[in-house]
Structures are given as structure tokens and as C-alpha cells.
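What follows is calculated from the coordinates using simple rules that are stated; it is not laboratory data. Computed from a prediction, not measured in an experiment: that's the story for all the values here. All Cβ positions, glycine included, derive from the backbone under ideal geometry; neighbour counts span all protein chains shown.
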Amino acid sequence: MMQKKPFLTFLLVTLLSLGTISAQSIELPKVSMKDHYSDRAIPVDQNRVLLKNSLLRKIDFVSNKVLYTLLNQSNEVRKPKFELIFFNSYGMELGREKIIWMFDDLKPGERAEESDRLNPPNLREILKHSAFRLPDDLEKISWVVVLGS
């Protein structure tokens, strides 16, 4: 009988400690996408990204839409071809968009605007049973990675 008490105590302490671990929530750390994509990663400032020395000049986020402004400042006709990857401040990908002009082109000095609907994943639904503490800005686009020319 004496030998069962240490085992029961061990079992009780182990179960209590597991309960403590599972009751704690894990905070998501913020990350800089520049660590992964260098100068291709651009932070979003007040729902806008301004680009320099690029055919893609501006990206605006309005509700569930993304608006692109293109401007050809070169002396040559250009065909836009970009891939954009959108991330929150925790490094989670919220979506991708491709801008590819196959049949049209942008003449020197010409400006164009396009818009697309964003369909980001519902991260709150995906992570609802996780141990993560979900921050208020979880579904907010904080970084844009621009791939292409």
C-alpha cells in the first residue's frame, strides 16, 4: 500500500501540470517579411503600398478589394507581369494575386488601374480550436511581396 502513494502523487502532479500547459494560450510573434524576401517585401502603411522604380506604382486595400495602379515611365512598351503575395504581420499568407497582361500592353507614359476581389482564408475559423491567442489584426494585410517586373 505504501508503494502506491508515490505513484498516485506522481500521476496527480503530472495530470495537473498537463492541465496547466493546455490552459495557457500561445501568443503569435510578429515577423518581418524582409527576413524572408529582402527588398521584395514591402510593409503596408495605412492600407497602401507605394512602389518606386516599378511598373506597378501603388497598391490600395479597400474593404475586400485590392486596387492596383500601373504607370509606364520607360520609353518602351511594357507588358505587366507580377505576382503579389499578401501576408499578415505574423507571417501567415493571406492570399496571392497575379497581374498578367497577355494581349494588352502599357505604352510609354500610360497609366492603368485594375482591381481584384480578395478572398483571404478565414484564419479565425481555421485556428478556433488551437492554443493560439488570436490577435485583432490576424486577418489584416501587413506585408506585400512583389515578384516579377
Original post:
Among the residues of the range 49-74, which ones are loosely packed, with under 13 Cβ neighbours inside 10 Å, basic (Lys, Arg) and either free of Cβ contacts under 8 Å to residues at least 12 places away in the same chain or farther than 30 Å from residue 135 by Cβ (or both)?
Top reply: 52
**OP:** Select from the range 75-101 the residues that are touching a strand residue (DSSP E or B) at 6+ places or on another chain (Cβ under 9 Å) and not in a strand (DSSP E or B) and write down the one among them that is surrounded by the most Cβ atoms within 10 Å (Cβ to Cβ).
**Re:** 88
